[in-house]
Each structure stands twice: as C-alpha cells, then as structure tokens.
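To start, the structure itself, in structure tokens.
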Amino acid sequence: MTARRHEVRRDPVVCLGGLLACGVLGGLLAAATALPLVGSAGITVNNVARTVTDLPPSPREDPLPQRTVLLDKNGKQFAQFYTENRTIVPLDKVAPIMRQAIVAIEDSRFYEHAGLDVKGTLRALVTNTQAGGVRQGGSSLTQQLVKNILVENAQTGAERAQARAPSLKRKITELRYALAMEKKYTKAEILERYLNIAYFGAGAFGIEAAAQRFFSVPASALSLRQAATLAGAVRTPYATDPSLDERRRARLRERRDTVLDRMAQVGNITPAQAGAAKKSPLGIRLKPEPGGCAESSYPYFCIYVHKELLTNPVFGHTRAERERRLARGGVVLRTTVDPVAQRAAQRAISARVDPRDTEVAAEAMIEPGTGRIRAMAASKKYGRNSGNTNNGPRTTFNLPADVAHGGGQGFQAGSTFKVFTLTTALNKGWRFDEGFMTPGRFVPASGYVDCRGRKVNDPNAEVFNASGEGKGGPQSISTGTWKSVNIFYMMLERRVGLCPVVRTAKALGIVRADGKPLREVPTFTLGVNEMDPVTVAGAFAALAARGRQCQPMAISDIVQRNGRRVQVPPSCTQAIDREVADAVNHILSGVFTKGTMTGQGIGRDAAGKTGTNNGYTSAWFAGYTPDLAAAVSVGDIRGSYRHPLRDVRIGGEYYGAVQGASLPGPIWVSSMSAALEDVPPSSFRHPDMGRFGGGFTPGMEKDKDKKDGEGERRAAGRRGGWGHATGRRTGGRPHQRNARDQAGYGDRADRPYRGWRDEWDRPHRGRR
C-alpha cells in the first residue's frame, strides 16, 4: 500500500452500496457491538440516515495536557509538573513499526474506511457473541480518538463518566464525530492525534511518554518487540500495567504476542519475525518520571516556582486561569537557579545542621541588580515524615520562602533590620563618625510615630544592649553598627523617624513572611517582624546593586507550546540614592573587619549584618558582595519562643547560645566562598567622603591612632572614628569573632511568633 493511498479520504456515505446500507449497518452494528439489546432501541431508517448525512463539526480539541518542565540557568532539567505525563510528538518522530503495530491491532482497515469499519464491526460482533463477552472492539481508530477527545474535554467526573458510558447514544455520537473528523483530517493527522492522546498505562499518556516510561527510549527508536508491546497495552492499560505486578506483566506479554500475530496476518512482518519476537522477553526498563517537587533536585526552589505560577498575575489574570495553564502544561520554564550556588548553599548548611535536628537552617541567594534567585536551601529534606509526624528529617514547609511561596511564618529578623535605620540616617545627612552618648538602659516612652501618624511609644518596655549588660557610652553610626548596639539604634531610629525607617525597608523590598502589614513599633529597628531568607537576601542585594531594588524572580523565560520564547525581565526600581548605598556598603564592610564577623571574611569585598533575637529565639546573617547576596536564618521548627537556641546541640556541635556570628555567619561564609569560587572578585564603589566622611560624636575624642589593614598609618581624625580622606577606622578595639548581637526586646504589645506551625504566643511578660 503506497503512502499516497494512505492519505485518501473516503466519502463517509459511500459503503456497501449506498446510504441506507451504510447507515443501517454502520449505526446499528456499532451499537450492537457494545450493547447486546440494541435491537429494542427503536432506531428508524430515517434517524440513521440523518445520523450520517447531517454531521456536526468535528469535536472541540483542547490542547492536550503535557508536562511543564523546569530547567536551571544552564538549561538542565531539574523538575517537572504534570497532570498527565505526556510529550506530544509529530508522526515522523514515531517509528514506522509502531505506526504499523497500532493500526494492525486496533483498526487494520484504517486506511480503507471513512471513519466506520463495517467489516471490522461485523467481525467483532460475531466474535463477542461467540465468546459471550467483549473480545474485540468494534470501534475504528478514529472513533477511539473521538472517545479520548470527549474524555479529555470533560470538566467534571460526571462528564467523564458520560463520555465512557456503554450507551447507544454515546456510540452514535462517536460515530458522527468520527465521520466528521475523517472529512477534516488526513489519515496521517488522525493517527498522529491518536498516538498522542492514547493512554498506555504506568502513568504514560501518548506514545513518546510510553516509550520513555516502558523502555527508556524515544518513540522514534522503538523496535518491533517494543512497538508490539505498546500497541498491546492500549486496549486495557490498567490490566496490563507493568509497573504494578508480575501478573499484569504476563497479561502484557500475551497482548504483545497477539499484536505480533496480527501484524503477521496483515503482512506487516513475516511469521518468522513474529515467532522470533514472541520468544524474547518483554524487556521492560521502567524509567521513573517523577512529577512535582518532592523528587526534584532542588525541591525548595521548585516549590517557589510552582507557587509563583499559581499566584503571579503575569501567568494568568485569575487563579483559575493559572491553574488551568499549569494543569495543561506543555511549556518549558528556564529558571534562575544556579547549580553551583545551589550546591554551595546546601553543602554549607548540611555540614553544620542535621536534618534530624529540630533547629532548622535556611538560606537564599540572590543576584544583585536583577533579583534572580540563584539558590534556595534548607537543612531538612523536603517531604512528609513517616507517619506524617511533625518532627523528623523532612518538612513540607518551604523554609527559605514566605507563606505565599509555600513557606512558614518565618523568624524575627533581629539586628539585620538595623541596616534600614542606617540607610535612612545616611540619606538624611548623617556622617560616618557622627553619633551620640548612649545610656545602659533605654525606655521608648516618647518620639515614635508610625506612618499613619499615630504615636506608638511604649513607656513600659525596657531595652538593653547585647546580653543586657547595661553598659552605655559614645557611639557613632559606624561603631554602633559594627558592635550592633541596640540602644544606639533605638535612639537613632527615634532621631531619624520611625516612619522614614519603615519606608526605607519597604522601598528595599521588605514585607512580612506572612503577608501581613509590617508592625511599626519602636523596636522595628531591632527586627521584631518575622521574615524569610528570600526577602531579606533581596533587600541586601539592593544595597549591593547601589540601591537598585529588584523583585526576587525565579523564572527567566518561557517556551510556550508553539515554541515561542517569552523572556521575563527583572522588575527593578531605584529604591535609594546610589551614593547612600555606597556609604551603607562602606560601613557594613566593617562588620567583617571591625565588628561582629571579625575574622570570618571570604577574601573579597563583602558587607553584611548579623542578627540575634531576644532570648536567642533565632539567629541570622545577611550579607553580600557586588556579585551575590545571601541571607541565612536559624531557628527551632517547633516554635522559636518555646524552644530558644540555648544549650542546644546542632549538627553534633554544642552551642551555649546560637548567635548570628556563631552559626548563620559560618554557613554564609562557606556557601558564598564556594558559590563565588570561579567568579572574578568585584569591588564596592568607594563612598563620597566629602558627603559622608567625618562627623562628631561626643566622648570619642580620646581615640588613639590605629593602623589600617594595609599597614598604612594615619593620624586619628580630630573627631575620632573614620578618617576624612581614606574612610579607614582609626581607633577602638576590633569586636571579637563571636560578639553578641542580640536584637533586644520587642514592644510590650508584641506577640512574638512561636515558629513555623504555631499560632501567636502570649505577650512578653518580663524584661532583663
């Protein structure tokens, strides 16, 4: 039979001598095959005639569900989503032997009829009557395609059941649609549609997914034995599913041999070829086709992408529309995750925190200037624990992310929030050496006004410096930052204004992990708001990018079903003045050389801020280079206030109290060093010393000269602290490596969050 003959369209009303014979035999015999009592259905000749002459349009064909594939920044797949595991392929990508096998067993006169195989229907009727049950199908391959389309188009379970119901009405509907499709499409087009829509078992929809799932080969490379196996699976895919048990595999082998015999009967192969193939084993090589994020190489990043697809209006105007698009799939998403950075973050965390620990560490890495998320890692594995217990080596919370992206409520960010007060002060004209005397105890009784103009003072609260030692003294914005002095920052926040500080934080992308409004209270600068690492890393990345704030993004471009590529550009704004950002970077660089992270540098320009919360309920480190920003959080997953980080063993190491510099800091150092190993070092821009240098702090005039890191001696500035010309620190003793950096106490009305699962705890009742 020639290829030309395969493409011939047959007139649907010309068979067995005329319209009447075609209608009566076709309509009634097709129905009789499925319904033993069709003779009582009351079908008239006129009804049948109208059935085959007054044809409807071919059935609506919605895009078939396919896989949505996630690629890393280098183009390598790391996850996929699907409701039906399917990859649509053109007919020329299906091995010819597979095409022959499916036609031979399902509709051997496929190329001869016009949608209704009367001879095949008669044969099936006789065979089924003799057997007392269904042994052969009477439907043509085109009718089977119609049935599959109607099932796929069904929106509800009832509609799907109706599309499968063994009723005369359904059979006649299929027949009419099949005749219409034969007029619309060529035989090759019909066969291609059938091979892509059919279910083969083992979760594989369509011939490409079936070839990969059953034999780990593409459909274009199927052998005779493999093609016969898949053709045999279509009739009863559940009864012959090789992934379930050996009994079903035995049935599948029987079906394969039946197909081989049929191929020999119709002349596709010789009897000798059929015999040889029947002697061979099935040769099933089931290839796992995991769907969702639990089996992904980067599960937390995968969850973030999945939630982004469901919540971001960019991917659909309504959630229902976004859900439909995700369910239909068929798109390829190139994401922003960097395998090098991802491995670096995961290894740094895994080396210090065990999945079985109730304390959890999480880290996010973001590229400055674009907002591209390069890594998301956590100490616990993603998934459910045995018996669905809450505590174990796994979790279903996206620990590095916010609630909107599958995360929990987060942990209070602690002294990392002092950065926003620092930024506000520099923007208002404060200089590096400018400061004031601080007491050993502070009560926020006056001077705090939120952005709604309300006074939010708390005369009942007491704030102490780190560890509550009650020690005061002169501090500039430089020394107050390096030492992370709580009282200095409470007083600085009052001087520059609580609302301006809140606005700075918002401009840099700060939002609460639970999506609720930021709590604008006096202790805002001490980090009383619960945060997630992605958000904090994004805010610090804006400083690295000289004030250019970019929304964290996980998808860089999309390849649609039709092959069209759509790029997703960064969403950025200039949040703060560039020179102010340079000045902030200058001071925060000193955290590694003169402050709470002394001795923990990464061998290149870096800036950052530690954060340790009241009572050691959680600990943070957030930092950045010009090329990469990262934030690390540590807290107890059972509830941070009920289970503070005191007298704990984490990753086999004992900690009297976990501080920002003692665990999050080292994780950050290790991960950033590895992530940037092959990236040439970049430098921060030197600040405008004419604008930010100098300043005066009462009580700091007695500071002595100190050598800078390069051994270059310089006279101490007349007002102490940083020299006017070089910006290098000239006095004071460097803060020790594990200097405490506790975030202080929240407002009396604070209701601190217990952790990832709990509801709000009772208010603080005591103060140190």
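The values are calculated or read from the model by the stated rules, or taken from the named source; none is laboratory data. Predicted model, so just to flag it, every value in this text is computed and none were measured. Here Cβ is always computed from backbone atoms with ideal geometry, including for glycine, and neighbour counts include all displayed protein chains. The protein model used for the area step is the full one, side chains on, heavy atoms only, and it has no ligands, DNA or RNA in it. Shrake-Rupley method; radii C 1.70, N 1.55, O 1.52, S 1.80 Å.
Data for the structure
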quantity	calculated
Test: residue in the stretch 294-301 that is surrounded by fewer than 19 Cβ atoms within 10 Å (Cβ to Cβ) and assigned to a helix (DSSP H, G or I)	no
Residue within the stretch 547-557 that is within 24 Å of G635 (Cα to Cα) and not basic (K, R) present	yes
Qualifying residue in the stretch 584-607 (condition: part of a loop (DSSP other than H, G, I, E, B) and at positive phi)	yes
Scope the stretch 598-630; condition in contact with an Asp or Glu (Cβ under 7 Å, 6 or more places away or on another chain) and of a type in the set (A, V, I, L, M, F, W, C); matching residues	L628, A630
Members of the stretch 213-233 found to be touching a residue at least 60 places away in the same chain (Cβ under 8 Å), surrounded by fewer than 24 Cβ atoms within 10 Å (Cβ to Cβ) and of a type in the set (A, V, I, L, M, F, W, C), listed by number	F215, A221, L224
Residue count for the stretch 54-99, restricted to those that are in contact with a strand residue (DSSP E or B) (Cβ under 9 Å, 6 or more places away or on another chain) and free of Cβ contacts under 8 Å to residues at least 24 places away in the same chain	1
Hey, G392 over 15 Å from A622 (Cβ atoms), modelled with pLDDT under 95 and not in a loop (DSSP other than H, G, I, E, B) or not	no
The stretch 139-162 residues that are touching a residue at least 40 places away in the same chain (Cβ under 8 Å), paired with ones that are of a type in the set (S, T, N, Q) and open to solvent by less than 30 Å² (accessible area, probe 1.4 Å) (beta carbon under 9 Å, 6 or more apart)	S139/T33; S139/T121; V146/S58; V146/S139; I149/S58
Members of the stretch 145-163 that are surrounded by 12 or more Cβ atoms within 10 Å (Cβ to Cβ) and not in a helix (DSSP H, G or I)	A154
Checking K381 against (1) open to solvent by 60 Å² or more (accessible area, probe 1.4 Å); (2) more than 17 Å from the chain's Cα centre (by Cα), the condition it does not meet	(2)
Test: T370 is closer than 21 Å to A554 by Cα and within 20 Å of the chain's Cα centre (by Cα)	yes
Options S589, S556: the member that is closer than 26 Å to T504 by Cα, among the small types (G, A, S), open to solvent by 20 Å² or more (accessible area, probe 1.4 Å) and in contact (Cβ under 8 Å) with a residue 40 or more places away in the chain	S589
Selection count where residues are touching a Lys or Arg at 6+ places or on another chain (Cβ under 9 Å) and either open to solvent by less than 30 Å² (accessible area, probe 1.4 Å) or more than 22 Å from F432 (Cβ to Cβ) (or both), scope the stretch 592-606	5
Filter pass, D582 being in contact with an Asp or Glu (Cβ under 8 Å, 6 or more places away or on another chain), of a type in the set (D, E, K, R), closer than 24 Å to S415 by Cβ and in contact (Cβ under 8 Å) with a residue 40 or more places away in the chain	yes
Filtered residues of the stretch 93-131 (kept if at pLDDT 95 or above and outside any helix (DSSP H, G or I))	V94, A95
Residue selected from the stretch 632-649 under the condition part of a strand (DSSP E or B) and over 21 Å from T396 (Cα atoms), by the criterion farthest from the chain's Cα centre (by Cα)	D647
All positions within the stretch 164-212 that are open to solvent by less than 10 Å² (accessible area, probe 1.4 Å), under 17 Å from I284 (Cα atoms) and assigned to a helix (DSSP H, G or I)	I207, A209, A210, A211
Residue list for the stretch 492-513, restricted to those being crowded, with 24+ Cβ neighbours inside 10 Å and either more than 17 Å from A413 (Cβ to Cβ) or touching a His at 6+ places or on another chain (Cβ under 8 Å) (or both)	L492
Search result, residues across the stretch 607-627 that are at pLDDT 95 or above and open to solvent by 10 Å² or more (accessible area, probe 1.4 Å)	P626, D627
Hits in the stretch 314-336 (condition: in contact (Cβ under 8 Å) with a residue 40 or more places away in the chain, open to solvent by 30 Å² or more (accessible area, probe 1.4 Å) and of a type outside the set (V, I, T))	A327, R328, R334
Total residues in the stretch 554-583, condition in a helix (DSSP H, G or I) and of a type in the set (D, E)	2
The stretch 613-629, residues that are out of contact with any Pro (no Cβ under 6 Å at 6 or more places or on another chain) and more than 27 Å from G392 (Cβ to Cβ)	N614, A622, G623, Y624, T625, P626, D627, L628
K278 open to solvent by 50 Å² or more (accessible area, probe 1.4 Å) and either β-branched (V, I, T) or under 45 Å from the mean Cα position of the chain (by Cα) (or both)	no
Residue that is most open to solvent (accessible area, probe 1.4 Å) [pool: residues in the stretch 407-439 that are among the aromatic types (F, W, Y) and more than 29 Å from E308 (Cα to Cα)]	W430
Single residue of A158, A219, A180, A165 found to be small (G, A, S) and touching a Lys or Arg at 6+ places or on another chain (Cβ under 9 Å)	A219
Residues satisfying the stated conditions in the stretch 648-699, i.e. β-branched (V, I, T) and either out of contact with any Phe, Trp or Tyr (no Cβ under 7 Å at 6 or more places or on another chain) or open to solvent by 40 Å² or more (accessible area, probe 1.4 Å) (or both)	I650, I667, V669, V679
Of the criteria (1) modelled with pLDDT under 95; (2) on the phi < 0 side of the Ramachandran plot; (3) in a loop (DSSP other than H, G, I, E, B), which one V353 fails	(1)
Test: residue in the stretch 70-92 that is closer than 30 Å to K307 by Cβ, open to solvent by less than 30 Å² (accessible area, probe 1.4 Å), among the hydroxyl-bearing types (S, T, Y) and at pLDDT 85 or above	no
In the stretch 521-534, the residues that are part of a loop (DSSP other than H, G, I, E, B), open to solvent by less than 10 Å² (accessible area, probe 1.4 Å) and under 22 Å from N457 (Cβ atoms)	G527, V528, N529
